[in-house]
Structure formats: structure tokens, C-alpha cells
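*Asks:* Following this message is one structure expressed as C-alpha cells.
The values are calculated or read from the model by the stated rules, or taken from the named source; none is laboratory data. A quick note: this is a predicted structure, and the numbers were derived from the prediction, not measured. Cβ sites come from the backbone with ideal geometry, for glycine too, and all protein chains shown count toward neighbours. The area values use the complete protein model at the heavy-atom level, side chains included, leaving out ligands, DNA and RNA. Shrake-Rupley method; radii C 1.70, N 1.55, O 1.52, S 1.80 Å.
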Amino acid sequence: MSGHRATTSPTPTGQAASTPSAEPTPTQIFSPGVDALTPGKHTALVLGFGTYPTYTVDVPKGWYEQDSQFIITGANKPVLGLSVWVVGQVYRDPCHWQGQAFDPGPSVANLVSALAAQKTRNATTPTDVTLAGYSGEYLEWSVPADLKSSAWSEFDACDVTDGGDHNFNSWLANDGEGYRYEEVPGQVDQLWVLDVNGQRLVVDATYSPGTSQSQRAALEQVVDSLRFGART
């Protein structure tokens, strides 16, 4: 596959990036490009521009995909899903992000350092990890639980996009257009920054405070099943 740009979102706002969730009622809530998945192994695309591997995950009943890029469950709250990124730039401040994007450097360590330092995220100390047979570093971060949000993926005090959305933004894909934004206060991202045959990829498994232990366990199983294919 050639590079793919993130231009849509399954959230009602229609912004670019990220991973919504909850009970499977997609018919009238999901945007075009969101399709139900049968239980079993499915192939998905890395978000970014260039040559990169596809990957597969095993999904349980009631999960969906959006444009073959986001593996999600349900239509809205709570957030639960997985995506894989080629990160180009990181925002120093995810709420006041205008003019705050920078290139962290090319290595896994460069990117992990930038993610861990992002303001207000309460990031955990990065640790060495192996996922899908590839080594890298792992950390978790979250959206402040007390950040005011008057609507889905709207954070009232944060900078405004050209489309009028108050975004809480994490990073930009290397195409400069796809970007990772968050949906709800308290949302957690589990981040694996991996060296996959010389290419730096970020696996992002995300959930919101409203998810149950069983939902998180299902997400963990999806992550554990992830396998990368050949670069095409």
C-alpha cells in the first residue's frame, strides 16, 4: 500500500483522526467508511505517508473499522480502539497547540522523549518493551479529567481549528495532514513506539474512563494479536 492520509473521523464532528467507541449502533451515527467486522483476523493500514507495513489484528464480535485505519468498537462513548501511526510532529501543548508542533527527531528515543514531555498529559515513565516481535518503548498518558468539554471531542478552553473545533491534539502524522486528537476528558492512550524493520511506528490503544474492565481486556487482546506484514 502507498501512504494514506487521515481525512475523516467516525465521531459526529467529522474531524481527522482518532478512535471512538461503545455500543454497536453504527447505522445512524457513524460516518461513511465505518464498517462492521466479522470476528477474526483483519488487515488494517498505518496512518501516514510513504511506504509502510500493513498489520493484522484479531477482533471480537461487535468491532468495526473506519477506512481500514481505526479498529474500534461501537459508535460513540465510551472510547475504545486501536490505530497505528507514522508520527511526524508532536505538539508541545496539546490544548494550546497552535504553533506548538515540532519534529522530535528520527529515533524511537527522540519521539518517546517528546511524548513524555507533552504538557498536561501525566505521562508514565517510558519502559523498554516488545510488541509483535519488535522492540521499542512503552508509556501511557491521559487527557486531564477536569478539562471542560461541552460536546464530544470538544474541549472548550483549547485552540480552535479552521473548522471551528476546539481540539485537544496529540501529534501530526508524517503527511502533515492526518492528526491525532482526543475525544473526552480522562481519556487514556497506551503507546508503543516501535522500531519495525528500521521504521518508527506508534501503536495507540485508547480508552475512556467509561470503559469496563471487560472492554479493556478485549482491547488488550486486540493489541496482543497485532502482527506486522511486509512493507509494500
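*Asks:* Once you sort the root eigenvalues of the Cα gyration tensor of the stretch 138-232 as a ≥ b ≥ c, which label holds: rounded (a/c under 1.5), prolate (a/b larger than b/c) or oblate (the other case)? Walk me through the numbers before you get to the answer.
*Replies:* Numbers: a/c = 2.63, a/b = 1.33, b/c = 1.97.
Oblate shape, in that a/c is at least 1.5 and b/c is the bigger or equal ratio.
*Asks:* Also, quick follow-up: Roughly to the nearest percent, how much of the accessible area of the stretch 101-232 is carbon and sulfur, given a 1.4 Å probe?
*Replies:* Numbers: 2640 of 5580 Å².
Within the stretch 101-232, the accessible surface is 47 percent carbon and sulfur.
*Asks:* Taking the Cα atoms of the stretch 82-172 alone, what are Rg (to one decimal) and Dmax (as a whole number) in Å?
*Replies:* When restricted to Cα atoms, the stretch 82-172 yields Rg and Dmax of 14.2, 42 Å.
*Asks:* Given R₀ = 35 Å, FRET efficiency for THR43-GLN98 by Cβ-Cβ distance, to 0.05?
*Replies:* E(calc), rounded to 0.05, equals 0.45.
*Asks:* In whole Hz, what ³J(HN,Hα) sequence does the stretch 55-66 give by Karplus (6.51, -1.76, 1.60; θ = phi - 60°), x for Gly and Pro?
*Replies:* 9, 10, 9, 9, 10, x, 5, x, 9, 9, 10, 10
*Asks:* When you count, for each residue, the other Cβ atoms within 10 Å and take the mean per peptide, how do 173-182, 79-88 rank with the highest first? Numbers along the way, then the final one.
*Replies:* Details: 173-182: 22.0, 79-88: 24.7.
Packing proxy ranking, top to bottom: 79-88, 173-182.
*Asks:* Calculate, for the stretch 112-166, the solvent-accessible area per residue in square angstrom, rolling a 1.4 angstrom probe over the heavy atoms of the protein chains.
*Replies:* 51
*Asks:* Same structure, new question: Modelled label-to-label distance, ASP195 and THR56, 7 Å Cα→beta-carbon offset: nm?
*Replies:* Result: 2.7 nm between the two label points.
*Asks:* Say each of LYS148 and SER107 gets a label point 7 Å from the Cα, pointing the same way as Cα to Cβ; how far apart are those two points in nm?
*Replies:* So the two model labels end up 4.3 nm from each other.
*Asks:* Let me ask something else. Find the eigenvalues of the gyration tensor of the Cα atoms of the stretch 102-149, then list the square roots of 5 times those eigenvalues as equivalent ellipsoid semi-axes, largest first, in whole angstrom.
*Replies:* 23, 14, 8
*Asks:* Which FRET efficiency, nearest 0.05, do VAL160 and ARG227 yield, Cβ-Cβ r, R0 45 Å?
*Replies:* FRET efficiency, VAL160 to ARG227: 0.70.
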